[in-house]
Amino acid sequence: MRDQRLDKWAEVLATYSLDVKKNQTVFLLCDLNALPLLEAVYENLILNGAKVEVLVLHKGLNEFLLKNGSDEQISFTPVARLAGVQTYDHYLFLGAVSNSKMLSKIPPKKQSLASVGNKPILDAILGRFEKGQLRWCVTMYPTPAAAQDAEMGNIDFENFILNAGFLCDESPVKSWKALEKQQKSLIRFLENKKELRFQNRDGTDLRVNVENMIWVNCCGRINFPDGEVFTGPNLKSSDGGVNGVVRYSLPTVYRNVEIHDIELIFEKGAVKHAKASKNEDFLLEMISQDPGAKFVGEIAIGTNYRIDTCVKDILYDEKIGGTFHLALGKGYPETGNRNESALHWDMIFDMRKGGSIHADGQLVSENGKFVHPDWPQGYN
């Protein structure tokens, strides 16, 4: 018998996140270990009149490809996946960690080639979304491997994930709409500002030009769980958009490779110096894979205070209330940032101990807490 909490999760994904209507088409891409959630989502969609196609992924095959494939094979764009995001009304990815270190010994150059192959898919998703032709969402099903990365037991991790998505609430949608309202108030304050400044005790002091850029309210519709407001730096500004230094206190995992103690120095919008205490070679390869990879495509502030610990999964960690993150590489067109790259790597900074965010000199957040009561404050 299926866990009934999965039916609630599926209902929120289908009717709120994607807002699927009768006779609309849905492309479901699913990791093999997320099959229980896939079944719940598929049944919900079919019973509500949607037309659904399913493609299931086996991560172990990707490991074999990267170890044994030629450059041409690794950089190949999967045709079925590309067609799915190019033609369907909705796209939903159900991820699941089977072994987060599976690709940790793959040479960084091969990882870059895999990014090249995925770029047309990402371009199609963002391009059609900007035109209102596609609704899309990404979520992650809890697994023992993910729980182990988070240093939690399986039951505790499942409860953590469900709570992060407001799925333990009587009405998850009502809770997401409440956060949406708070984030809208924060965006009203930020949308006319020219410069953000991020500082923390780890040595971060970063200035980001956001003049004339568009802020996006993320409240459970594109990522699930969610909880952030984001925009892109104005890379066309006279100062290049991004200047200063950022030092990471939280580990980050990208393409199954864990990197520690990242330091980036920006001048005129571009990374001029980068280092890390673990897997520095991977970091350097990622940001040199194409001309756009050394520029910032996104700057964001995390607002989900139910996510209060790093679990080494970007989908969750970037939403931690009291953090901010920047993404190297591809920008989101809806913000006005059109930086082109095969890379989009979100890196998270903890602001909860001695951190501050200012907008045109006005304090926005201190020690991870917003200063205005109408802005996100967390839920009990």
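Of note:
- The residue that is surrounded by the fewest Cβ atoms within 10 Å (Cβ to Cβ), among those in the stretch 362-380 that are assigned to a loop (DSSP other than H, G, I, E, B) and free of Cβ contacts under 8 Å to residues at least 24 places away in the same chain, is Asn380.
- The numbered conditions (1) acidic (Asp, Glu); (2) more than 25 Å from Gly95 (Cα to Cα); (3) open to solvent by less than 20 Å² (accessible area, probe 1.4 Å) are all true for Glu298 except (2).
- Residue match in the stretch 239-253 (condition: of a type in the set (S, T, N, Q), touching a residue at least 24 places away in the same chain (Cβ under 8 Å) and closer than 26 Å to Ala145 by Cα): yes
- Qualifying position, being modelled with pLDDT of 95 or more, among the hydroxyl-bearing types (Ser, Thr, Tyr) and in contact with a Pro (Cβ under 7 Å, 6 or more places away or on another chain), among Thr77, Thr87, Thr143, Thr139: Thr77
- Look at the stretch 33-51: where a residue is under 19 Å from Asp89 (Cβ atoms) and open to solvent by 10 Å² or more (accessible area, probe 1.4 Å), no partner that is part of a helix (DSSP H, G or I) and among the β-branched types (Val, Ile, Thr) sits 6+ places away or on another chain with Cβ atoms under 7 Å.
- Checking each residue in the stretch 295-343 for being farther than 11 Å from Gly232 by Cα, polar (S, T, N, Q), in contact with a Gly (Cβ under 6 Å, 6 or more places away or on another chain) and part of a loop (DSSP other than H, G, I, E, B) picks out Thr303, Ser341.
- Test: residue in the stretch 60-67 that is assigned to a loop (DSSP other than H, G, I, E, B) and either in contact with a Leu (Cβ under 6 Å, 6 or more places away or on another chain) or surrounded by 14 or more Cβ atoms within 10 Å (Cβ to Cβ) (or both): no
- In the stretch 306-357, residue most open to solvent (accessible area, probe 1.4 Å) [restricted to those that are closer than 27 Å to Lys109 by Cα and basic (Lys, Arg)]: Arg338
The values are calculated or read from the model by the stated rules, or taken from the named source; none is laboratory data. Since the structure is predicted, the reported quantities are computational estimates derived from the model, not experimental observations. Cβ atoms come from the backbone with ideal geometry, glycine included; neighbour counts cover every protein chain shown. We work out accessible area using only protein heavy atoms, side chains counted, and drop any ligands, DNA or RNA first. Shrake-Rupley method; radii C 1.70, N 1.55, O 1.52, S 1.80 Å.
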